[in-house]
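Some notes on the structure that comes next.
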Amino acid sequence: MKAHYGYNDGSGTYYITIDSALCNGCEACVRVCPAAALVMVEDDPLEERLVAAVSAAHSKKIRYSCDSCKPAGYTSLPCVAACAQSAITHSW
């Protein structure tokens, strides 16, 4: 299941998408996020499986949270590069 964290506003569309079906819970993306925007959450309480997610505190300000990782011309966020499963994408 794909979870979209972010928002649209007059300046653009800013989303981090995490595919929980691809996420293996390795936490590599969480460790490389300097803004601590990514956290591990329970995907399904019955399975007790943890997957990456954007914290509630960062979801509505993801453009600004990711700003230090994405200067002008930068094409890949560290969290995307750290994910060996290709479970994380971004929209801008």
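The values are calculated or read from the model by the stated rules, or taken from the named source; none is laboratory data. No experiment lies behind these values; they were computed from the predicted model shown. We place every Cβ from the backbone using ideal geometry, glycine too, and count neighbours over all the protein chains shown.
In this structure, Ala35 does satisfy being in a loop (DSSP other than H, G, I, E, B), surrounded by 12 or more Cβ atoms within 10 Å (Cβ to Cβ) and of a type in the set (A, V, I, L, M, F, W, C). Do you know which residues across the stretch 59-92 are of a type in the set (A, V, I, L, M, F, W, C) and either within 20 Å of Glu27 (Cβ to Cβ) or touching a Pro at 6+ places or on another chain (Cβ under 7 Å) (or both)? Selection gives Ile62, Cys66, Cys69, Leu77, Cys79, Val80, Ala81, Ala82, Cys83, Ala84, Ala87, Ile88.
Considering only residues in the stretch 1-21 that are among the hydrophobic types (A, V, I, L, M, F, W, C) and buried (at least 16 other Cβ atoms within 10 Å of the Cβ), the one that is farthest from Asp67 (Cα to Cα) turns out to be Ala3.
Note on the stretch 38-76: residues that are among the aliphatic types (A, V, I, L, M), buried (at least 19 other Cβ atoms within 10 Å of the Cβ) and either at pLDDT below 85 or in a helix (DSSP H, G or I) (or both) amount to 1. When Ala53, Ala36 are screened for being in contact with a Ser or Thr (Cβ under 9 Å, 6 or more places away or on another chain) and on the phi > 0 side of the Ramachandran plot, only Ala36 passes.
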